[in-house]
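The structure appears below as structure tokens.
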Amino acid sequence: MGVISKLIPLLAKRKAKQIAEILNNPIGLTDNKLVAILDRHSHTMFGKDNDFANIKTPEQFSETVPLHDYYTMKPYWEQIHAKPERPIITADPVIWYVQSSGSTGKPKALPLSKAGLSDYTSGSMLFLMSFINAREGNNKVFDGTMLTFAAPARMGEINGVPLGYMTGISREMIANTLLKKLIKPGEEIFNMTEMGEKLWAYAKYAVTENITSLGGITTLVFAFIRRMQSEYGPSLLEEFKGTKHEARIRESLKDDGKLDLSVLWPNLIMVGATGVDADPYKPWLKSTLPNASLWDNYAGSEGLYGTTLLKDTTNGIQLLPHINYFEFIPESEIDKKDPNVVPLAEVKKNHRYELVLTNMMGYTRYRIGDVMTFKDTDPYSVHRIGRKGKSVNLTGEKLSDAHVTEGVAYATMQTGAEILDYHVYGRIGDGVANYVIEAMFNNDIDPIEFARAFDECVGRNNGEFKYVQEFGSLGPTIVRKVAMSHTEKIIERSHIQAKADPLAVEVIEGVA
């Protein structure tokens, strides 16, 4: 056992006390964080414009400060771009700009301060520490190589301040040199932006190492696992022919040309993911990497909002109230001009809300565009995280991405399907409306049974969906097996940090 795997459990035990406080005192922590944010930023331009100095309670905060989004904050950000050293939205000068993923439109350059990044990295540490504390032996993740999938930290600059992706920035700014050394494979590969080249570089590196974890951008992690399993085996065998690695690759290569990753990486025990709802992929991941636990993270360009803190990973992602002040807009209020906004203490289990964020990065009552369902309120745990406004209405059913994700996850469990990737869209033609699931499967399944299970689940969660199917205006869902990943197509035409798109808003018309 290495030195790091002996030292880390000691740190993890200390962090366990902080994790317990987060789980047991979330309201006190989030209210205290609001006070700290208002105090630190009261003398900024934004703080003066919104009377931060005279706000003493959460109630006063919600009454005094209006809701904001990218467009209402844009004038402030334009001033920051011109003079990043000035206290415009944060007391600290801007040290970096975060390139957003562009999931709601054109990618944006969002300001990042040192205090904001400090909160982000402290929250990220809990992600790893909770995994170590979850079960005995998890510290062995440090005995091998922890393969990290990240985007470039530096893609340019604005008035001398660097611009990059958050996964790269947080990697560069890690203060602990011991932990920094664990982040592999290195800048040469991290900074690649062409997806095919990048994943092949990861593949060549990964077959030479004792891989104990995969972590980072979910879309890249899953794309890498798919390609390693189904595509790269013969090419890797040819690449490493005559080397000391040939025997291990050959042992892992099955007759059909696929790699058995559990043989290639017998010590892989963690898959860390952030970016998409991973529930539909769990059967495939369990089949492919049987010894690995999926550890979920919830983060975005504007901060880190939650992470897995419980041993029971089926309970969703736990929110991090010690680094954020959270408010929520009930789903029924989202499209209203002046929506009702409730604090964390008033959310209800199994209800769906839009997140309103306030944090040290300078986002104040900010609508990041995410909608989620509370799986539990003790502790506060969320799942089915999607984008606001993502719904399709073919015949009155208002199908959302949350309905789709839950339906596909249910169908995989009911049919034993191992789904590698999927995409759902609506079509209307000759008076018939249907939803189509285009999916990659790792095993042989009956598409009719899969579609039937999907419709059953969606109908149970969406009464209008069930009604219009029974009425006959919406036909049964159709499943089409595909060989090419839809998510990888998105990444190739946009960028490597693009998110998966479970539900297409555009409807295909004129197709029977």
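The values are calculated or read from the model by the stated rules, or taken from the named source; none is laboratory data. The shown structure was predicted, so the numbers you read here are calculated from the model rather than taken from an experiment. Backbone-built Cβ (ideal geometry, glycine too); neighbour counts: all protein chains shown.
Remarks
- Some residue of the stretch 408-422 being closer than 11 Å to Pro502 by Cβ, in contact with a Leu (Cβ under 9 Å, 6 or more places away or on another chain) and either of a type in the set (A, V, I, L, M, F, W, C) or touching a residue at least 12 places away in the same chain (Cβ under 8 Å) (or both): no
- For the stretch 323-334, the count of residues that are assigned to a strand (DSSP E or B), over 17 Å from the mean Cα position of the chain (by Cα) and among the acidic types (Asp, Glu) is at least one.
- Residues that are within 30 Å of Met146 (Cβ to Cβ) number at least 2 in the following helices (runs of 4 or more DSSP H) confined to the stretch 1-105: 3-24, 26-41.
- Just one of the listed residues (Ala36, Ala20, Ala12, Ala53) is in contact with a helix residue (DSSP H, G or I) (Cβ under 6 Å, 6 or more places away or on another chain) and not acidic (Asp, Glu), and it is Ala12.
- Note on the stretch 210-259: among residues that are among the polar types (S, T, N, Q) and assigned to a helix (DSSP H, G or I), the one that is farthest from Ile169 (Cα to Cα) is Ser252.
- Of the residues making up the stretch 388-435, those that are closer than 15 Å to Phe465 by Cα and at pLDDT below 90 are Ser391, Val392, Asn393, Leu394, Thr395, Gly396, Glu397, Lys398, Ser400, Asp401, Ala402, Val432.
- Residue match in the stretch 127-148 (condition: modelled with pLDDT of 90 or more and of a type in the set (Lys, Arg)): yes
- Residue list for the stretch 54-78, filter: over 25 Å from Met173 (Cα atoms), of a type outside the set (Ser, Thr, Tyr) and surrounded by 13 or more Cβ atoms within 10 Å (Cβ to Cβ): Ile55, Pro58, Gln60, Phe61, Val65, Leu67, His68, Asp69, Met73
- Glu346 more than 22 Å from Lys140 (Cα to Cα), surrounded by fewer than 19 Cβ atoms within 10 Å (Cβ to Cβ), in contact with a His (Cβ under 9 Å, 6 or more places away or on another chain) and not aliphatic (A, V, I, L, M): no
- Glu209 surrounded by fewer than 16 Cβ atoms within 10 Å (Cβ to Cβ) and within 19 Å of Val141 (Cβ to Cβ): yes
- Of all residues in the stretch 33-45 being touching a residue at least 60 places away in the same chain (Cβ under 8 Å) and within 13 Å of Ile323 (Cα to Cα), the one that is surrounded by the most Cβ atoms within 10 Å (Cβ to Cβ): Ile37
- Residue match in the stretch 143-151 (condition: in contact with a helix residue (DSSP H, G or I) (Cβ under 8 Å, 6 or more places away or on another chain) and assigned to a helix (DSSP H, G or I)): yes
- Leu320 meets the conditions (1) in contact with a helix residue (DSSP H, G or I) (Cβ under 6 Å, 6 or more places away or on another chain); (2) closer than 27 Å to Thr412 by Cβ in every case but one. The failed one is (2).
- Beta carbons closer than 6 Å, at least 6 apart along the sequence or on distinct chains, pair a first residue in the stretch 180-198 that is touching a residue at least 24 places away in the same chain (Cβ under 8 Å) and surrounded by 17 or more Cβ atoms within 10 Å (Cβ to Cβ) with a second that is outside any strand (DSSP E or B) and of a type in the set (A, V, I, L, M, F, W, C) for Phe190/Ala150; Met195/Ile491; Met195/Ile496; Lys198/Met192.
- Which listed residue, of Lys286, Lys311, is of a type outside the set (Ser, Thr, Tyr), under 30 Å from Asn32 (Cα atoms) and outside any strand (DSSP E or B): Lys311
- Scanning the stretch 355-385 for residues that are among the β-branched types (Val, Ile, Thr) and either at positive phi or assigned to a strand (DSSP E or B) (or both) returns Val356, Thr358, Ile368, Val371, Thr373, Thr377, Val382, Ile385.
- Residue match in the stretch 447-468 (condition: closer than 30 Å to Tyr71 by Cα and either of a type in the set (Asp, Glu) or surrounded by fewer than 22 Cβ atoms within 10 Å (Cβ to Cβ) (or both)): no
- Filter pass, Leu294 being part of a loop (DSSP other than H, G, I, E, B), among the hydrophobic types (A, V, I, L, M, F, W, C) and over 15 Å from Ala203 (Cβ atoms): no
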